[in-house]
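K.L.:
One structure, as structure tokens, below. Some questions next.
The values are calculated or read from the model by the stated rules, or taken from the named source; none is laboratory data. Since this is a predicted model, take the numbers as computed values, not measurements. Here the Cβ positions follow ideal geometry from the backbone for every residue, glycine too, while neighbour counts run over all protein chains shown.
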Amino acid sequence: MPFTAKPRTFNAAINETVLGTGAKAVTLGGQNVLPLYFFDNTPKNAPAVGIEITDTGYDATGLPALAAFYDGAATPAERAKKAASAEGVSFVCLRFEGADPGGLNKSIADCVAVAKDVLNAIDVPLVVAGCKNIEKDAELFSAVAEVCQGKNVLFLSAREEDYKTVGASVGLAYGQKVGAESAVDINLAKQLNVVMTQLGVSAQSIVMNLGAAAAGYGFEYVASTLDRVKAAALEQNDTMLQMPVMTPVSVETWSVKEAIMAEADMPEWGSQEERGIRMETVTASACLASGAESVILRHPASVKTIAAMIAALL
């Protein structure tokens, strides 16, 4: 007997959240099929791939291709413009590493100036990530959200400790999109979405960051959480888990030994840059297969590969 495929679709769907404005605005979500099950139904919006830069720049030692890509780009705005031109890029993520009070402790005014310059330098949507300091991020997000009004910027992220401050300023006062960050736990993710919407932030303005890990470094917890969230959203029509997911892959994958160990120290491992790219692409593809609607990567080669994978599946 011939095999007849039966497409599996759901009456429920992932919320649509728009980032940016104009012709290059990006819409996350909208699908009513399991992750990457594009053979069941063409997705309303394809998964998006972002590229990350920081306000301080990267140490490209041992990463000649990355150094060559940003060659001549001395400022964050110049690096952002080059990043936005990389093949396969849907949006740029600006991470404020320099704002960390335990590091350079850049002033809010300096960070705001950088954000304005970056926003003016790119023609794709902007995502802003903080320094992981609760107090500094709350102040930083509010100030940057104000100068970016009307641009549909996504801020990563509001957490249990600061969701009221970040949600009220970023989402309510300035009409931006809010990342809801939880620690790889479906119950924590749902609870944060519940209290954010109770605060008044629209469900269509929330993007979930469920946590991340490099492949082989506890990634099974990330994958299982993504799987459970998508099952609840689509099969159970749980409206508090139907927000699209953005996973910041770059931070995790470029901090593990496979990506940072110099070739001189471990020559048998081969090229440090190739190792990092492979770790990033493997992790990103696994995140997309598990349920992320978008991923943030660092290396332009990784962006190109993942964007090509998505295009091949459509």
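K.L.:
Given the conditions (1) closer than 26 Å to Ser107 by Cα; (2) touching a residue at least 24 places away in the same chain (Cβ under 8 Å); (3) surrounded by fewer than 17 Cβ atoms within 10 Å (Cβ to Cβ), report the number of the one that Arg79 does not fulfil.
P.N.:
Arg79 satisfies all of (1) closer than 26 Å to Ser107 by Cα; (2) touching a residue at least 24 places away in the same chain (Cβ under 8 Å); (3) surrounded by fewer than 17 Cβ atoms within 10 Å (Cβ to Cβ) except (3).
K.L.:
Identify all residues within the stretch 254-271 that are more than 26 Å from Ala84 (Cβ to Cβ) and either touching a residue at least 60 places away in the same chain (Cβ under 8 Å) or surrounded by 22 or more Cβ atoms within 10 Å (Cβ to Cβ) (or both); write none if there are none.
P.N.:
Hits for the stretch 254-271 are Ala262, Glu263.
K.L.:
Name the single residue, out of those in the stretch 23-44 being at pLDDT 95 or above and over 19 Å from Ala286 (Cβ atoms), that is surrounded by the fewest Cβ atoms within 10 Å (Cβ to Cβ).
P.N.:
Ala23
K.L.:
If only one of Val118, Val128, Val89 is part of a strand (DSSP E or B), under 18 Å from the mean Cα position of the chain (by Cα) and within 19 Å of Thr21 (Cα to Cα), which one is it?
P.N.:
Selected residue: Val128, the only one of Val118, Val128, Val89 that is part of a strand (DSSP E or B), under 18 Å from the mean Cα position of the chain (by Cα) and within 19 Å of Thr21 (Cα to Cα).
K.L.:
Mind counting the residues in the stretch 1-22 that are assigned to a loop (DSSP other than H, G, I, E, B), within 23 Å of Val229 (Cα to Cα) and hydrophobic (A, V, I, L, M, F, W, C)?
P.N.:
4
K.L.:
Can you find a residue in the stretch 137-148 that is of a type in the set (A, V, I, L, M, F, W, C), in contact with a Lys or Arg (Cβ under 7 Å, 6 or more places away or on another chain) and part of a loop (DSSP other than H, G, I, E, B)?
P.N.:
no
K.L.:
Looking only at residues that are buried (at least 23 other Cβ atoms within 10 Å of the Cβ) and out of contact with any Gly (no Cβ under 7 Å at 6 or more places or on another chain) in the stretch 226-240, which one is farthest from Val128 (Cα to Cα)?
P.N.:
Residue satisfying both the conditions and the ranking: Leu234.
K.L.:
Residue by residue through the stretch 168-199, note down the ones that are surrounded by fewer than 20 Cβ atoms within 10 Å (Cβ to Cβ) and in a loop (DSSP other than H, G, I, E, B).
P.N.:
Scanning the stretch 168-199 gives Gly175, Ala183, Val184, Asp185.
K.L.:
State all residues of the stretch 12-69 that are out of contact with any helix residue (DSSP H, G or I) (no Cβ under 9 Å at 6 or more places or on another chain) and free of Cβ contacts under 8 Å to residues at least 12 places away in the same chain; if no residue qualifies, say none.
P.N.:
Selection gives Ala23, Asp59, Ala67, Ala68.
K.L.:
Does the stretch 278-297 contain at least one residue that is of a type in the set (Lys, Arg), surrounded by fewer than 24 Cβ atoms within 10 Å (Cβ to Cβ), touching a Phe, Trp or Tyr at 6+ places or on another chain (Cβ under 7 Å) and modelled with pLDDT of 95 or more?
P.N.:
No, that holds for no residue.
K.L.:
Then there is this: Considering only the stretch 92-104, state which residues are buried (at least 21 other Cβ atoms within 10 Å of the Cβ), outside any strand (DSSP E or B) and aliphatic (A, V, I, L, M).
P.N.:
Passing the criteria: only Ala99.
K.L.:
How many residues does the stretch 12-60 hold that are out of contact with any Leu (no Cβ under 9 Å at 6 or more places or on another chain) and not hydrophobic (A, V, I, L, M, F, W, C)?
P.N.:
10
K.L.:
Within the stretch 125-140, can you find the residues that are in contact with a Leu (Cβ under 9 Å, 6 or more places away or on another chain) and buried (at least 24 other Cβ atoms within 10 Å of the Cβ)?
P.N.:
Pro125, Leu126, Val127, Val128, Ala129, Gly130
K.L.:
Here is a follow-up. List pairs: first in the stretch 180-203 and under 21 Å from Gln236 (Cα atoms), second charged (D, E, K, R), Cβ under 6 Å, 6+ apart or cross-chain?
P.N.:
Correct list of pairs: Ile186/Arg228.
K.L.:
Please verify whether the stretch 23-31 includes one or more residues that are farther than 30 Å from Ser224 by Cβ and either part of a loop (DSSP other than H, G, I, E, B) or of a type in the set (Val, Ile, Thr) (or both).
P.N.:
Yes, there is a match, as at least one residue in the stretch 23-31 is farther than 30 Å from Ser224 by Cβ and either part of a loop (DSSP other than H, G, I, E, B) or of a type in the set (Val, Ile, Thr) (or both).
K.L.:
Of all the residues that make up the stretch 110-119, how many are within 21 Å of Ala48 (Cα to Cα) and surrounded by fewer than 23 Cβ atoms within 10 Å (Cβ to Cβ)?
P.N.:
1
K.L.:
Which of the residues belonging to the stretch 175-225 are of a type in the set (Phe, Trp, Tyr) and touching a Gly at 6+ places or on another chain (Cβ under 9 Å)?
P.N.:
Tyr221
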